[in-house]
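Here is the structure we will look at, set down as structure tokens.
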Amino acid sequence: MTWNVFFAYLVLLSLISHTRGAPAADVSSSVAGRTIPLRRRGPPSDLDVYQRGQIAKYQRDSVLARYSGGQRPSRRSTGDNLLVDQSYDSGYYGSLAIGTPSVSFDVFLDTGSSDLWVAGTSCGSVCNGIPVYDPSISSSFKNTSQPFHVTYAQGEASGYIATETIEMAGFSVFNQGFAVVNDMSSGFLSTPTSGLLGLAWEPLASTQEMPLWQTLASSGAWDFPLFAVQLTRYTNDTQAQPLEPGGVLNMGYTNGSLFTGSIEYIDMTSQPTFWQVPLTSVTVQGVSIPIGTNVAAAIDTGTSNIGAPSDVIKAIYEQIPNSKAASGSWAGYYQFPCSTSVTVTFSFGGSTWAMAPADFSYTTIGSQQCIGTFFESSQSNPSWILGDSFLKNVYTVFRYDPPAVGFAALSEVAIAENGINGAAVPSATIGSATAAVTGNAASTTLQFAPAWIGLSLLFSFLHTSLV
Ligand SMILES: *[C@@H]1O[C@H](CO)[C@@H](O)[C@H](O)[C@H]1NC(C)=O
Ligand SMILES: *[C@@H]1O[C@H](CO)[C@@H](O)[C@H](O)[C@H]1NC(C)=O
Ligand SMILES: *[C@@H]1O[C@H](CO)[C@@H](O)[C@H](O)[C@H]1NC(C)=O
């Protein structure tokens, strides 16, 4: 998840030697003081009884949604949420609104975790400068009084679990479980973001609440049971500002203007937790890299870089003359001559998807040396994490039913949205065609709901952080 945020923090503040200990997570690993974005839970085979129960429930719900006409909302819809690219592709956030009356918040989109949380008024000095959620002014706030604690590889957040009315991209979900955070590792968030929207599957949720997207997909609120993401590239734009237009999150449909050709769907081979698909081949400069068999890759908008086993990383850089393992705070990464244009491709059994050379270079160190985007994540599970460096190159679809990840080639229209200088940073787009469902319950009700939220509030955050 906030690997990218953490990174932006490191880079921007030049805290190059800053070290954060590996957390007491179920799975964790540390490469020379730089922790790897492992998630809390083990592989699907480690699912406990609760998780298996959740999957059984998901399967039942989706069958009901498909076959029981009376259970699904009579009116379905689609929605869009315009994203912001923060710190030269380090992180992508969107907006949602919480409470009654609703107040908007910026949250990182993270397809690598499953909790929605925002900082609350009870948060101490670690939240200074962060817009916080105030439960005392919301009539729809309900406290479950259950403690919340989530541990990511690069930090922690804790607070309590509540339910609220959450609006996003024109949808309202009543009684949606989420967490109000009152403590977190310092540097975890910075203005204007107030929290994180987990877009992976329920079994990964620390709150044990069904994620917002899954509530919408399983209730049949969407025209199609999927969401899709287009992410912009500003990393190689020397005029780029810290906040730039970041692309879009499409909910309930795919926008045919943003891709060409067909969408290649890769079915998820295990019970869904992460958005995890089999990776079948990788090439560097046209040369095939031995990656082994039964390789799983997590498709993770919340990670800026690409994690892979260390032997694979070594093989990748063997194709790049004068590259070498980086040291010190960059241990786990490699450096290479910036003058080398490196093209990497990925295949999931069908089409081959190329990553732009601009995305291979993560940052520069010294005058001629660049740090590549690949980092060693041997001990994580899945061992491959395909983050934004790759995802900027494709239109990515996250399909609920049947569970799959889809990739399509970006259209000229989408490509033209990269690196536009002077472009206005999008304001919150909550949408106008609002469909509403009730979370955490088998029954779903559809109603019309007001679609307008505190956009001016968001504007002021954006302006503040641009100054
Ligand atoms: C919600 O419950 C938790 C746990 O009892 C408590 O610490 C917190 O203050 C409560 N929040 C509000 C707004 O009442
Ligand atoms: C699809 O994407 C294009 C390009 O960003 C945008 O102009 C258009 O409004 C989008 N269409 C819908 C239905 O969202
Ligand atoms: C940035 O990288 C993309 C992809 O390689 C390329 O098409 C574009 O021209 C580059 N932009 C600049 C300003 O170099």
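Only one residue in SER389, SER427, SER378 is touching a helix residue (DSSP H, G or I) at 6+ places or on another chain (Cβ under 7 Å), at pLDDT 50 or above and within 16 Å of ligand 2 (Cβ to nearest atom). Which one?
SER427
Of all residues in the stretch 74-132, which are of a type in the set (Asp, Glu) and more than 24 Å from THR373 (Cβ to Cβ)?
Within the stretch 74-132, ASP80, ASP106, ASP115 qualify.
On the basis of being closer than 30 Å to ASN421 by Cβ and more than 16 Å from ligand 1 (Cβ to nearest atom), does SER262 make the cut?
It is false that SER262 is closer than 30 Å to ASN421 by Cβ and more than 16 Å from ligand 1 (Cβ to nearest atom).
Here are some residues: VAL248, VAL277. Which one is buried (at least 23 other Cβ atoms within 10 Å of the Cβ), of a type in the set (Val, Ile, Thr), within 16 Å of ligand 2 (Cβ to nearest atom) and assigned by TED's automatic domain parsing to the domain that holds TRP384?
Just one listed residue meets the conditions, VAL248.
Does any residue of the stretch 165-175 turn out to be surrounded by fewer than 18 Cβ atoms within 10 Å (Cβ to Cβ) and farther than 27 Å from LEU82 by Cα?
The answer is no; no qualifying residue exists.
Restrict the check to the stretch 117-133 and report whether at least one residue is under 19 Å from THR301 (Cα atoms) and either within 16 Å of ligand 3 (Cβ to nearest atom) or at pLDDT 95 or above (or both).
yes
Of all the strands (runs of 3 or more DSSP E) wholly in the stretch 121-237, which have at least 3 residues that are within 16 Å of ligand 2 (Cβ to nearest atom), touching a residue at least 24 places away in the same chain (Cβ under 8 Å) and touching a helix residue (DSSP H, G or I) at 6+ places or on another chain (Cβ under 9 Å)?
Ranges flagged: 226-231.
Filter the stretch 192-204 down to the residues that are within 16 Å of THR163 (Cβ to Cβ) and either over 14 Å from the mean Cα position of the chain (by Cα) or at pLDDT below 95 (or both) and list them by number.
GLU202
Run PHE398 past the list (1) in a strand (DSSP E or B); (2) within 16 Å of ligand 3 (Cβ to nearest atom) and report the number of the one that doesn't hold.
All conditions pass for PHE398, except number (2).
For the stretch 119-164, what are the residues that are more than 22 Å from the chain's Cα centre (by Cα) and at positive phi?
Across the stretch 119-164, the qualifying residues are GLY129, SER145.
Kindly indicate whether GLU202 is within 16 Å of ligand 1 (Cβ to nearest atom) and closer than 22 Å to GLY79 by Cα.
no
Any residue in the stretch 90-105 that is under 29 Å from ASP359 (Cβ atoms) and in a loop (DSSP other than H, G, I, E, B)?
The answer is yes; a qualifying residue exists.
What are the residue pairs meeting all of these: first residue in the stretch 343-368, first residue of a type in the set (D, E, K, R), second residue within 16 Å of ligand 2 (Cβ to nearest atom), Cβ atoms under 7 Å, and 6 or more apart or on different chains?
Short answer, once both residue conditions are applied: ASP359/ARG233; ASP359/LYS392.
In the stretch 376-386, is there at least one residue being acidic (Asp, Glu), part of a strand (DSSP E or B) and either under 22 Å from ASN236 (Cβ atoms) or in the same structural domain as PHE274 (by TED's automatic domain parsing) (or both)?
Checked against the condition, which is being acidic (Asp, Glu), part of a strand (DSSP E or B) and either under 22 Å from ASN236 (Cβ atoms) or in the same structural domain as PHE274 (by TED's automatic domain parsing) (or both), the stretch 376-386 yields at least one hit.
Hey, can you tell me all the residues within the stretch 241-252 that are hydrophobic (A, V, I, L, M, F, W, C) and under 19 Å from THR193 (Cα atoms)?
LEU243, VAL248, LEU249
Residue check: is ILE299 closer than 23 Å to GLN335 by Cα and either within 24 Å of the chain's Cα centre (by Cα) or surrounded by fewer than 23 Cβ atoms within 10 Å (Cβ to Cβ) (or both)?
Spelling it out, it is not the case that ILE299 is closer than 23 Å to GLN335 by Cα and either within 24 Å of the chain's Cα centre (by Cα) or surrounded by fewer than 23 Cβ atoms within 10 Å (Cβ to Cβ) (or both).
Yes or no: ILE316 assigned by TED's automatic domain parsing to the domain that holds ALA408, within 30 Å of GLY261 (Cβ to Cβ) and not in a strand (DSSP E or B)?
Taking the combined requirement at face value, the residue satisfies it.
Considering only the stretch 276-309, state which residues are assigned to a loop (DSSP other than H, G, I, E, B) and closer than 18 Å to LYS392 by Cα.
Matches in the stretch 276-309: ASP300, THR301, GLY302, THR303, SER304, ASN305.
The values are calculated or read from the model by the stated rules, or taken from the named source; none is laboratory data. This is a predicted model, so every value here is computed, not measured. Note: ideal-geometry Cβ built from the backbone for every residue, glycine included; neighbour counts use all protein chains shown.
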